[in-house]
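One structure is given below, encoded as structure tokens.
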Amino acid sequence: MNGQELMVRESSQVGQVAQADNDGQVIAMWLHGRPHTTQRAYSYEVQGLLAAVGKPLVQITLGDLQGYFSTLATLAPASQARAIHATKSLFAFAKKIGYLTFNPGAAILSPKIKKNLAERILPESQVHRLLALEPHPRNRVLLRL
């Protein structure tokens, strides 16, 4: 038996050690090490969820999540997907560290987002036309750079 198997066996026999005492600690650990922009976006999404549901993480049910996500229907598909992804990620993390005994986010399906990057890229001929039609020399130089 290697050391990791021994640790798993011992922790399952003794019981799981609490990694966090409250939602704030769980969220801080979940965000730790992520890029600053991701931290800001995910924090915004989770605060929106908690404000809308009005419950701590341990009391949020699948029905609560479904109800909250239905309120996001007016948002763009990418915004809805970010909210759902952030929420599912948080609940999976909280379950993994033993803060939650059940992950209600596991039953939520992630939406498929249409990848439209190719539609937003200008063809070379349009880029040349854009450069040629710029009347101000300073702007033309900046565009060429």
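To the nearest 500 deg cm²/dmol, what mean residue ellipticity at 222 nm is calculated for the chain from DSSP H runs of n ≥ 4 alone, each contributing -39,500 (n - 2.57), summed and divided by the residues? Before the final figure, lay out each step's value.
On the way: 8 runs with 90 residues, N = 145.
After summing the helix terms and dividing by the residues of the chain, the value is -19000 deg cm²/dmol.
Of the listed values [x] 10.6; [y] 9.7; [z] 14.7, identify the label whose number matches mean projected area of the Cα convex hull in nm² calculated from this model.
Correct label is [z].
Sequence gap at least 6, Cα distance under 8 Å: using those rules, report the relative contact order of region 62-145 to the nearest whole percent.
Values: 41 pairs, mean separation 20.5, N = 84.
Reported relative contact order: 24 percent.
Report, ordered by chain and residue number, the lysines lying within cross-link reach of Lys112, taken as a straight Cα distance under 27 Å and ignoring same-chain residues fewer than 8 apart.
In chain and number order, the partners are Lys88, Lys95, Lys96.
With θ set to phi - 60°, apply the Karplus curve 6.51 cos²θ - 1.76 cosθ + 1.60 along region 94-101 and write out the HN-Hα couplings as whole Hz, x wherever there is a Gly or Pro.
Once θ is set to phi - 60°, the couplings for region 94-101 become 4, 5, 4, 8, x, 6, 10, 8 Hz.
Kindly write out, for region 46-57 in residue order, the coupling ³J(HN,Hα) from the Karplus curve 6.51 cos²θ - 1.76 cosθ + 1.60 (θ = phi - 60°), rounded to whole Hz, with x marking Gly and Pro.
Result, ordered by residue: 5, 5, x, 4, 5, 5, 6, 7, x, 9, x, 3 Hz.
Anyone know which of Lys114, Lys95, Lys55 comes out most mobile in the 10 Å Cα GNM of the chain?
Maximum fluctuation in the GNM of the chain, among the listed residues, is at Lys114.
Test of understanding: in a Gaussian network model of the chain with alpha carbons linked when under 10 Å, which of Pro35, Pro104, Pro135 would top the mean-square fluctuation ranking?
Pro135
Can you tell me the relative contact order of the chain? Whole percent, Cα pairs under 8 Å, sequence separation 6 or more. Display every interim value, and only then the final one.
On the way: 89 pairs, mean separation 32.5, N = 145.
Relative contact order for the chain comes out at 22 percent.
Taking a ≥ b ≥ c as the square roots of the eigenvalues of the Cα gyration tensor of region 51-94, is the shape rounded (a/c under 1.5), prolate (a/b larger than b/c) or oblate?
Values: a/c = 2.45, a/b = 1.38, b/c = 1.77.
Verdict is oblate for region 51-94.
Across region 69-75, in residue order, what do the Karplus-derived ³J(HN,Hα) couplings come to in whole Hz, using 6.51 cos²θ - 1.76 cosθ + 1.60 with θ = phi - 60° and x for Gly and Pro?
Ordered by residue, 3J(HN,Hα) equals 5, 5, 6, 8, 4, 7, 7 Hz.
With a point put 7 Å past each Cα toward its Cβ, work out how far Gln126 is from Leu142 in nm, to one decimal.
For the pair Gln126/Leu142, the computed spacing is 2.2 nm.
Identify which of Ala20, Ala81, Ala118 has the largest mean-square fluctuation in a Gaussian network model of the chain, with springs joining Cα atoms closer than 10 Å.
In this elastic network of the chain, the residue with the biggest mean-square fluctuation among Ala20, Ala81, Ala118 is Ala118.
For region 50-145, run through the chymotrypsin sites (Phe, Trp or Tyr not before Pro) and keep only the ones in DSSP coil with at most 16 other Cβ atoms within 10 Å of their Cβ.
Here the chymotrypsin sites (Phe, Trp or Tyr not before Pro) that fit, given the DSSP loop and packing criteria, are Phe102.
Considering only the other residues whose Cβ falls under 15 Å of the Cβ of His128, what net charge follows from Lys and Arg at +1 and Asp and Glu at -1?
On the way: positive: Arg129, Arg140, Arg144; negative: Glu124, Glu134.
Neighbour charge sum, excluding His128 itself: +1.
Values in this text are rule-based calculations from the coordinates and carry no lab data. Note that the structure is predicted; figures quoted are calculated from it, not measured. Cβ coordinates were reconstructed from backbone atoms using ideal geometry, including for glycine residues, and neighbour counts include every protein chain displayed.
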